[in-house]
1. Would you please give the FRET efficiency between residue 117 and residue 72, computed as 1/(1 + (r/R0)^6) with r the Cβ-Cβ distance and R0 = 30 Å, to the nearest 0.05?
2. May I ask you to compute the full-extension gain from residue 79 to residue 164, defined as 0.36 nm times their residue separation minus their alpha-carbon distance, rounded to one decimal in nm?
3. Can you tell me how much longer the chain between residue 35 and residue 59 gets when fully stretched, taken as 0.36 nm per residue apart minus their C-alpha distance, in nm with one decimal?
4. Pop a pseudo-label 7 angstrom from the Cα along the beta-carbon direction at both residue 124 and residue 16 and give the gap in nm to one decimal.
5. Using r as the Cβ-Cβ distance of residue 48 and residue 136, and R0 as 30 Å, what FRET efficiency do you calculate, to the nearest 0.05?
6. Listing 10, 1 from the residue with the fewest other Cβ atoms within 10 Å to the one with the most, what is the order?
């Protein structure tokens, strides 16, 4: 990721690499805390100096409603002219959401840079996965069951979470990857 940032900054030798982290809250299972520590450790070990300029995570991004911890901010936007940061939601999740999420749902958790800024294209390289066994059983379960078993923080998921997971599971986990990537009328590049 750092190498990609440096490539994008070619021709602008001055400056520094800044890191802003927004998201993650004091969830009941401490998943966000563990993820935050892993991210910070990774940047700390990097030989390049990286300046943390914003961290809205953990307790700083947590409020309590009815005894349950909730994130204050789920997403942000940035005004690129002024640098102003503001809470934002994104009803349009972009193209091929099921394809982009299938990697995580089928156990492939490596973070990828899928946006080619030179060409202005979203590129999702090929990946292999096995169809999820028993997906029919998952899809027959109640929304509450899916929420409790497929979310890290079921108490605070947005209303569309279950529908989104079911759509992804249905579209990709029942289908062999060779069939998904050999669809002639749909380009993923």
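Laboratory data are not the source of any read-out in this text; all were calculated from the coordinates shown. Since the model is a prediction, treat every value here as computed from it, not as a measurement. Please note: Cβ atoms are built from the backbone with ideal geometry, for glycine as well, and neighbour counts cover all protein chains shown.
1. Efficiency computed from Cβ-Cβ geometry: 0.50.
2. 27.8 nm
3. Gain on stretching residue 35 to residue 59: 7.2 nm.
4. Roughly 3.7 nm, to one decimal.
5. 0.05
6. 10, 1
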